[in-house]
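So the structure is just underneath, and the comments pick up after that.
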There are 2 protein chains.
Amino acid sequence: MQTVSENRSFDGVQGVYTHASEVCSCDMTFAVYMPPQAEAGPVPCLWYLSGLTCTHENAMTKAGLQEHAAEAGLAVVFPDTSPRGADVADDEAYDLGKGAGFYVNATQAPWAPHFQMYDYVLTELRALVEKEFAVSDRHGITGHSMGGHGALTLAMNNPDRYQSLSAFAPIAHPTRSDWGRKQLGAYLGADETAWLRHDSTLLVRSVGWHSDILVDQGSKDQFLDLLKPEALSAALAEARVPSVFRMQPGYDHSYYFVSTFARDHVRWHADRLAL
Amino acid sequence: MQTVSENRSFDGVQGVYTHASEVCSCDMTFAVYMPPQAEAGPVPCLWYLSGLTCTHENAMTKAGLQEHAAEAGLAVVFPDTSPRGADVADDEAYDLGKGAGFYVNATQAPWAPHFQMYDYVLTELRALVEKEFAVSDRHGITGHSMGGHGALTLAMNNPDRYQSLSAFAPIAHPTRSDWGRKQLGAYLGADETAWLRHDSTLLVRSVGWHSDILVDQGSKDQFLDLLKPEALSAALAEARVPSVFRMQPGYDHSYYFVSTFARDHVRWHADRLAL
């Protein structure tokens, strides 16, 4: 692991790092915020997964999470959203290929050699962060849009790995959305049975969650037809999953939305990650 | 109006009163909590509508609203749930007739002469409370189960009359529930077009709400199949209605549920009723 940059932020450290990823077969960049409390010992760790077109950098810069994480004593990890590099397959569309890994392990050409973001976030980067940073074994996960999808699906598929869960405007029902069918088809193939475990609305019904879930959605989100929040909210209610689903009036899909509610999400995770 | 009882409670007054109702053609009993702030001038007013089998007394005794209302400076009105008296029609079932007015104006025999709870709460008791108590023209409404249904439907049908809205475990889709079809059929007749404005799930889609809505629902509620919370939660999300729908883990349908979240609801209304 190499350090790209480290900046003091709210008495903690906002860092950017690179490492050679075996899982993605390329160099990967990620960011970590370490709060001041980490100087005294390991702190719980919140994973923030970003959306389409983002890198590790967007949320790190615009979501305002550091202030809240410093207050709560949480580390925050910001992974990239796809493999990167000249030899990594891509597509002309913004929503496939680079910047659009969808947090799955691709099985199809030309994506399979590098697009392994599910295992990357779940296992490889997790192990690296636990080795290199003063984080405890208490981890929470959240994310925005495609990253909200990633947070929900990674957590529900791996309940032993995450103790807390939330999402901002997640892609909630990708097996029934143009934000989903295209990508799951490309990465996983035409057999839709392989898609099912990457759809949070379906997972809510099939496996549920061991704790409670916070979801915020802006009522003026320009992508409501693609996100399908009503599918997720109905599934949470039908499956009686402990949850808070908030339709926030007037907010769009931007980081102004994320930053407005970032404090609530950090607090949500901090309360559940505390021992 | 006659005073049945008045008891000091959290530096305010919990009273029970009777009056001759013209709308229901019978004597009606109701309760009002006036907080200490009312001594200095009119205070905003929260209406709490109760559920099947209840009178004005259940929530007054068991919901714990007074402490929160005193803290927030809200009056709370507890109407009865049906007309009362020897000459008022009734049914052997607990969910039709006395204690089960469903907050509609009955048009069918034998119910029409007395079962006018919609107009009673909306107009007659409102005018009496505004005349006899130091309340302002800012009113909010909430309720539990059948009363949650009443709160949601009265408010959405009369947005100029209520500035804030919430519900505890409401009967959310009565036109598709055995808690609803039986009663709406009995009180309003077989023509289901007359039922539509008494179904909050349908109203969310048709008229919406001018502000935001808080709904709490217990995940272990023994009446989930009758309440149909998923219909309401999906409608709120699909219609993009500003709202917070909380599936509360482990809570049932009792006043232990209501009292647990009473503070949040009082706070919700107080924040929105303040000028």
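The values are calculated or read from the model by the stated rules, or taken from the named source; none is laboratory data. The structure displayed is predicted, hence computed values, not measured ones. Backbone-built Cβ (ideal geometry, glycine too); neighbour counts: all protein chains shown. To get the accessible areas, we keep the full protein, side chains included, count just its heavy atoms, and leave off ligands, DNA and RNA. Shrake-Rupley method; radii C 1.70, N 1.55, O 1.52, S 1.80 Å.
Scanning segment A:190-201 for residues being under 17 Å from the mean Cα position of the chain (by Cα) and in a loop (DSSP other than H, G, I, E, B) gives a total of 1. Anything in segment A:107-122 that is surrounded by fewer than 24 Cβ atoms within 10 Å (Cβ to Cβ) and either more than 11 Å from the chain's Cα centre (by Cα) or basic (Lys, Arg) (or both)? List them, or say none. Within segment A:107-122, A:107, A:108, A:109, A:110, A:112, A:113, A:119 qualify. Yes or no: residue A:172 part of a loop (DSSP other than H, G, I, E, B), within 30 Å of residue A:137 (Cα to Cα) and either at the interface with chain B (Cβ under 9 Å from one of its Cβ atoms) or touching a residue at least 60 places away in the same chain (Cβ under 8 Å) (or both)? Taking the combined requirement at face value, the residue satisfies it.
Scanning segment B:251-269 finds no residues that are facing chain A (nearest Cβ under 10 Å) and among the β-branched types (Val, Ile, Thr). Against the conditions (1) assigned to a loop (DSSP other than H, G, I, E, B); (2) touching a strand residue (DSSP E or B) at 6+ places or on another chain (Cβ under 7 Å), residue B:159 satisfies every one except (2).
Only a single item in (1) away from every other protein chain (no Cβ under 14 Å); (2) open to solvent by 20 Å² or more (accessible area, probe 1.4 Å); (3) not aliphatic (A, V, I, L, M) is not met by residue B:180, and it is number (2). Of all residues in segment A:83-125, those that are in a loop (DSSP other than H, G, I, E, B) and aliphatic (A, V, I, L, M) total 9. One residue alone among A:236, A:224 is at the interface with chain B (Cβ under 8 Å from one of its Cβ atoms) and over 20 Å from residue B:228 (Cβ atoms), and that residue is A:224. Only one entry in A:103, A:94 is in contact (Cβ under 8 Å) with a residue 40 or more places away in the chain and either more than 30 Å from residue A:38 (Cβ to Cβ) or of a type in the set (S, T, N, Q) (or both), namely A:94. All of B:241, B:258, B:204 fail the test of being in contact with a helix residue (DSSP H, G or I) (Cβ under 6 Å, 6 or more places away or on another chain) and in a helix (DSSP H, G or I), apart from B:204. Quick one: would you say residue A:246 is open to solvent by 30 Å² or more (accessible area, probe 1.4 Å), in a strand (DSSP E or B), within 7 Å of chain B (Cβ to nearest Cβ) and not acidic (Asp, Glu)? Criteria met by residue A:246.
Is at least one residue of segment B:222-239 open to solvent by less than 10 Å² (accessible area, probe 1.4 Å), in contact with a Pro (Cβ under 8 Å, 6 or more places away or on another chain) and among the polar types (S, T, N, Q)? The answer is no; no qualifying residue exists. Restricting A:225, A:221, A:252, A:216 to residues that are under 19 Å from residue B:243 (Cα atoms), among the charged types (D, E, K, R) and within 16 Å of the chain's Cα centre (by Cα) narrows the list to A:216. Filtered by the rule that a residue be open to solvent by 10 Å² or more (accessible area, probe 1.4 Å), away from chain B (no Cβ under 12 Å) and hydroxyl-bearing (Ser, Thr, Tyr), segment A:192-221 gives A:193, A:206. Among strands (runs of 3 or more DSSP E) entirely within segment A:4-51, having at least 2 residues that are closer than 17 Å to residue A:116 by Cβ, open to solvent by 10 Å² or more (accessible area, probe 1.4 Å) and in contact with a strand residue (DSSP E or B) (Cβ under 9 Å, 6 or more places away or on another chain) singles out A:12-21, A:26-34. Evaluated against (1) more than 8 Å from chain B (Cβ to nearest Cβ); (2) over 19 Å from the mean Cα position of the chain (by Cα), residue A:272 falls short on exactly one condition, (2). Counting only residues that are in a helix (DSSP H, G or I) and either open to solvent by 10 Å² or more (accessible area, probe 1.4 Å) or of a type in the set (D, E, K, R) (or both), segment B:52-82 holds 11 of them.
Of everything listed in (1) under 10 Å from the mean Cα position of the chain (by Cα); (2) open to solvent by 10 Å² or more (accessible area, probe 1.4 Å), the single unmet condition for residue B:145 is (2).
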